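Asks: Have a look at the structure that comes next, please.
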């Protein structure tokens, strides 16, 4: 794949809508440890880097683009982290609503779930072990 400095190198990049992009960037940096890669306009968009090679874009409200509505879950962004417990505490200290405390799962992951102040749902996952999907009922189709 050809590289372009104007877009993150991640293959999949969620674009999440926020009513105030600059406020969202500050919060995502403080609470989740994301890093702003590229600011586009004063409040239009921001490309955020996620440790490990991931990316997310915070975009402004315009046209039919709107943040989630209360009581509605339209997505859940999964982000891999090195330490789910420490990450959860950082998110909590910065005002994230924690929906599920760090929990160990049979598929080798420790995960917690959070909601940001704008209603976006996040799940953070720390790998504990390399587990064969067949051990917990998964069916691996491709590797």
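Asks: Gain in length, residue 64 to residue 38, computed as 0.36 nm per residue apart minus the alpha-carbon separation, to one decimal in nm?
Replies: 7.0 nm
Asks: Rounded to the nearest 0.05, what FRET efficiency do residue 2 and residue 118 give with R0 = 30 Å and r taken as the Cβ-Cβ distance? Could you check?
Replies: Working: r = 33 Å, r/R0 = 1.11.
After rounding to 0.05, the efficiency reads 0.35.
Asks: Roughly what % of DSSP beta bridges within the chain run antiparallel, to the nearest 5?
Replies: Working: 24 of 32 bridges.
The antiparallel fraction comes to roughly 75 percent.
Asks: State the extension gain, in nm to one decimal, for the chain segment bounded by residue 9 and residue 86, taking 0.36 nm per residue of separation less the distance between their alpha-carbons.
Replies: Full extension of this stretch gives 25.1 nm more.
Asks: Describe numerically, in nm with one decimal, the distance between label points set 7 Å from Cα along Cα→Cβ at residue 45 and at residue 22.
Replies: Label at residue 45, label at residue 22, 2.0 nm between them.
Asks: In nm, what is the difference between 0.36 nm times the number of residues separating residue 131 and residue 97 and their Cα-Cα distance? Working shown, then result.
Replies: On the way: separation 34, 0.36 × 34 = 12.24 nm, distance 2.97 nm.
Working it through step by step, the gained length comes to 9.3 nm.
Asks: A follow-up question, please. Post the alpha-carbon centroid distance, the range 101-130 to the range 3-80, in whole angstrom.
Replies: The two parts, judged by their Cα centres, are 19 Å apart.
Asks: Here's a follow-up. Taking only DSSP H segments of four or more residues, each worth -39500 (n - 2.57), what value at 222 nm results for the chain once the sum is divided by all its residues, to the nearest 500 deg cm²/dmol?
Replies: -4500 deg cm²/dmol
Read the figures in this text as sums done on the coordinates, not as results from a lab. Here the structure is a predicted model, which is why all the values come from computation and not from measurement. We place every Cβ from the backbone using ideal geometry, glycine too, and count neighbours over all the protein chains shown.
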